[in-house]
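Contents: one structure, followed by commentary.
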Amino acid sequence: MEAFIKTNETYLVNDLCVKASCSDAILLIPTPVDEKRFICDICEEEFLEKSHLNKHFHCHTKQKLYSCNICSKEFSPKNITVHFRTHTKEKPYSCDVCHKEFSKKGSLNIHYRAHTNEKPFSCDVCHKEFSQKGHLNGHYRTHTKEKPHSCDVCHKEFSQNSNLNEHYRTHTNEKPYSCDVCHKAFSRRDNLNRHFRAHTREKPYSCDVCHKKFSQKVSLNVHYRAHTNEKPYSCDICHKKYSRKRILNLHYRTHTKEKPYSCDVCHKKYSRKSCLNEHYRTHTNEKPYSCDVCHKEFSRKHNFNRHC
């Protein structure tokens, strides 16, 4: 194979590929049609493997690559330390407010906005604000209706790749996130985080009006409607409005007469699980509600409230 290299002064012809200086040379190498090559953007040297190109590229940046002694992946000096924490589980960055720990300083900075309520990223269309740029990008597709990510199994489409990955676990039943305390497994990291607060009793979300605290942001948002009297969920049949979607769904059953909860003992059916639980106590004679004054016990909470 002949290689032709043009430098500032001379043309060289060889039977072998000749490497010239990165700054001046243009390398022109005839390659077989069926042989895939990766070309350096700076000096145009070609490689059969992309990993070799990546290694070579750092000769231009003068940045040495370091190899992880556990998984053999290569990183720059700055990133090798951060990567290594995926193996050691080290989390050197701690939140001053709730003491949650993180492996990356950037992750801590993003988390801290949950306490400061800082939202530096704003939607150009509806002006809704977000604490993370990725959340803004995902939100923007609610305007464009773009759903570029499709499930290979059921072909359901998603606006964000993370949502597709989470959905895909409904097919594989994969639950990669496990609680360190009780070992319960979850398919989504945010579900694990919410669950974990049941152990820590952490309530990082506080109401600006009454200062009541909540473990989940969605619970705070729902609670806040008690102050604003906002009722965004409306019944299609009778147009009655509700502050929570779950309560609307329960209300719907008054129209559909659906009773999905059945007693194992007498097979009586109920539209709400709470009603079934109260009924079940007529069989077990359980009375969990007790008066602090006279110590009378009740099986149903509303009877207890009436008594008090």
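With each label modelled as a point 7 angstrom along the Cα→C-beta vector, the Cys68-His171 pair spans 2.7 nm. Under 5 Å from the amide H of Lys184 lie the amide H atoms of Cys179, each residue being 5 or more positions distant or on a separate chain, with H modelled from the backbone and absent for Pro and chain starts.
The mean sequence separation of alpha-carbon pairs under 8 Å and at least six residues apart, normalised by the residue count of the stretch 151-200, gives a relative contact order of 23 percent.
Residue separation of Ala226 and Thr142 scaled by 0.36 nm, minus their Cα-Cα distance, works out to 27.5 nm of gained length. Taking only the C-alpha atoms of the stretch 49-118, the Rg (one decimal) and the largest Cα-Cα distance, Dmax (whole number), read 16.2, 48 Å. For Lys100, the amide hydrogen comes within under 5 Å of the amide hydrogens of Cys95, counting only partners 5 or more places away or on other chains and with H modelled in the peptide plane. Projected label points at Ser234 and Val218, each 7 Å from Cα along the beta carbon direction, are separated by 2.4 nanometres. Full extension of the segment from Tyr93 to His302, taken as 0.36 nm per residue of separation minus the current Cα-Cα distance, would add 70.5 nm. Only the Cβ atoms of Lys and Arg (+1) and of Asp and Glu (-1) were treated as charged; on that basis the dipole of the stretch 151-200 about its Cα centre amounts to roughly 240 debye. The HN-Hα couplings worked out from phi for the stretch 135-140 by the Karplus form 6.51 cos²θ - 1.76 cosθ + 1.60 (θ = phi - 60°) are 5, 5, 4, x, 4, 4 Hz, whole numbers, x standing for Gly and Pro.
Residue separation of Lys273 and Lys287 scaled by 0.36 nm, minus their Cα-Cα distance, works out to 3.3 nm of gained length. Close amide-amide hydrogen proximity is noted between His149 and Phe158, each under 5 Å apart and 5 or more residues distant or on a separate chain (H modeled in the peptide plane; Pro and chain starts excluded).
Show me the three semi-axes of the equivalent ellipsoid for the stretch 151-200, from the C-alpha gyration tensor (sqrt of 5 times each eigenvalue), largest first, rounded to whole Å.
Details: eigenvalues 128, 26, 7 Å².
In descending order the semi-axes read 25, 11, 6 Å.
Global dimensions of the stretch 119-218 from alpha-carbon coordinates: Rg and Dmax equal 16.8, 47 Å. Restricting the calculation to alpha carbons of the stretch 153-268 gives Rg and Dmax of 18.7, 47 angstrom.
Seen from every direction in turn and averaged, the convex hull around the alpha carbons of the stretch 200-246 projects onto 3.7 nm².
Throughout, read-outs are computed from the coordinates displayed, never taken from laboratory work. Everything numeric in this text was worked out from a predicted model, so none of it was measured. Neighbour counts run over all protein chains shown; Cβ positions are idealised from the backbone, glycine included.
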